[in-house]
Structures are given as structure tokens and as C-alpha cells.
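The structure under discussion appears below in the form of C-alpha cells.
The values are calculated or read from the model by the stated rules, or taken from the named source; none is laboratory data. Only a predicted model underlies this, so the values are computations on that prediction, with no experimental measurement involved. Using ideal geometry, Cβ is built from the backbone for each residue, glycine included, and neighbour counts are taken over all protein chains shown.
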Amino acid sequence: MPTGKENPENIVQRDRVFYGRRRGRRLRAGMETLLEERLPELAVTLPAEPGAALDPASLFPDSTKEVWLEIGFGGGEHLAAQAAANPDVGFIGSEPFMNGVASLIRHCEDQALSNVRVYPDDVRDLLPLLPDGSLTRIAVLFADPWPKKRHHSRRIIQHESIAEFHRLIAPGGELRLATDDIRYLRWMLARATAHRGFRWQAQGPSDWRVRPEDWPETRYEAKAREQGRRPAFLRFDRL
């Protein structure tokens, strides 16, 4: 896979359909330069050998205690805040939208974060290469709900992905999901609670209506509240 300034986006071409945008509005010159210069240093590169595994802990210093993964980090504000609050944790953020990748890198630069790595592509190519129990937490926050019924197969939360998350999260780890779409909330709950290896932490309504203190706000949550939608925050223990 090409790396370096010749291909700063480090995109892997796979025989699968990707739904969504790779690019939004044109980046400012400074942001484009930041992306070109810093992404090659932060990017997670998949093994060249067919069938080879990728140990996420190997991406970070030996002093790193555990590794968390955020899938679809948007503008990166949540991931950057978590990385700043947990310097002994290694963070991998997966996001194919390059404007969001540039935003996360800017956060890393502004806060001098050294415990963040980026996979700027479809996370479905990364997950199968990670060893069993190699992550302590996975977060999927405010993913596209694909509201039309004919598009439900595009939703990232499926029975298959929940099973894959269970494989990757070590016992005692956590899966975090968030949405502001009531239909997608029901969909996610049905799939996560159907897996016997996950236990929903909620004991009452406040446990999913109120964002936990250690869960930084995202721009999508703020937008949802401004538009009158109530976000839901789901936490599941990996048994």
C-alpha cells in the first residue's frame, strides 16, 4: 500500500462498496499541508502479507496500557478529548472522510497528543486483521442511521459487526454506542442485547439519556440538541 506524501490519504482499494463521502469542501491550504505532512506519521498501515495480523499495541510505546478504537470519529473532538484525558491509552480512530481526518490531526497538533493513530479508510478492512481481545473499548458514536429501509444493510451496527466487536474487545472491556435517531436506537439495542457476550449497563432511563462525565460531547450531539433531538448513550460490558 502506498504511503507518504505521494498518497497522504493512505486509501486501500478493496473489492467492496463504500457508501459515504471521502471529501467535503476543499480544505484550507494550511489544513491540506497539515494532512500531507502528519498523516503519513499517524496512519495505520495494513500488513502487506495476506492473512497477517496487526497487533494494535505495536503502534504505541510499550508503556501504553490498553488500546481503544473509535469508528467514524467525525471531526475528532471526542477522540482527541479522550486521548488527552487518558495519556496511557493508545487511540485508533477510523474515518474515511478526509476532512474529518484533517480535523482530528489539527486537534492532535493543538493539544500535542502523541497517543493517537488514524486509519483513514473503511474500518471493515481493518477489523479482521486485529487479534482477539486486542482492544479494551470500541466506540461508534452518531453513525449514519441510513433511515430508508432499503439502506438498512449499510448501517454499521449489524449482528455481524456486534459479533466482531465482541471478538476484539477483551473481557471486562466496553462497547459504547450513541445516536440521536430513535429508530436506529431501537435497531442498535436489538442487536447488541441479542448477543449474549454483551451486557447493557443501564439500570434506569438516566443511564442512557444522560451522557456520562467521561464521555466528551461531539459536534453531532451538539447539533442534535440544537435541532431538538435527544441523543441516547449506550454502554455495554463485554462479558
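In table form, for the structure just shown:
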{"read-out": "Members of segment 125-150 found to be touching a helix residue (DSSP H, G or I) at 6+ places or on another chain (Cβ under 9 Å), surrounded by fewer than 16 Cβ atoms within 10 Å (Cβ to Cβ) and over 23 Å from Ala232 (Cα atoms), listed by number", "value": "Pro128, Pro131, Asp132, Gly133"}
{"read-out": "Qualifying residue in segment 97-115 (condition: over 23 Å from Gly197 (Cα atoms), part of a loop (DSSP other than H, G, I, E, B) and modelled with pLDDT under 95)", "value": "yes"}
{"read-out": "Set Thr45, Thr64: member being surrounded by fewer than 18 Cβ atoms within 10 Å (Cβ to Cβ) and touching a strand residue (DSSP E or B) at 6+ places or on another chain (Cβ under 6 Å)", "value": "Thr64"}
{"read-out": "Which listed residue, of Ala232, Ala194, Ala222, Ala190, is in contact with a Leu (Cβ under 7 Å, 6 or more places away or on another chain) and either crowded, with 20+ Cβ neighbours inside 10 Å or of a type outside the set (Asp, Glu) (or both)", "value": "Ala232"}
{"read-out": "Inter-residue pairs, beta-carbon under 7 Å, first farther than 13 Å from Glu36 by Cβ and in contact (Cβ under 8 Å) with a residue 40 or more places away in the chain and in segment 91-110, second assigned to a strand (DSSP E or B) and among the hydroxyl-bearing types (Ser, Thr, Tyr), 6+ apart", "value": "Ile92/Tyr119"}
{"read-out": "Qualifying residues in segment 210-224 (those that are without any contact (Cβ under 8 Å) to a residue 40 or more places away in the chain and assigned to a helix (DSSP H, G or I)) - the one nearest to Ala81 (Cα to Cα)", "value": "Ala222"}
{"read-out": "Output for segment 33-88, where each listed residue is under 25 Å from Ala102 (Cβ atoms), assigned to a loop (DSSP other than H, G, I, E, B) and in contact with a Pro (Cβ under 9 Å, 6 or more places away or on another chain)", "value": "Val44, Leu54, Gly72"}
{"read-out": "Residues satisfying the stated conditions in segment 179-209, i.e. part of a strand (DSSP E or B) and farther than 17 Å from Arg238 by Cα", "value": "Thr179"}
{"read-out": "Residue match in segment 151-172 (condition: at positive phi and surrounded by 13 or more Cβ atoms within 10 Å (Cβ to Cβ))", "value": "no"}
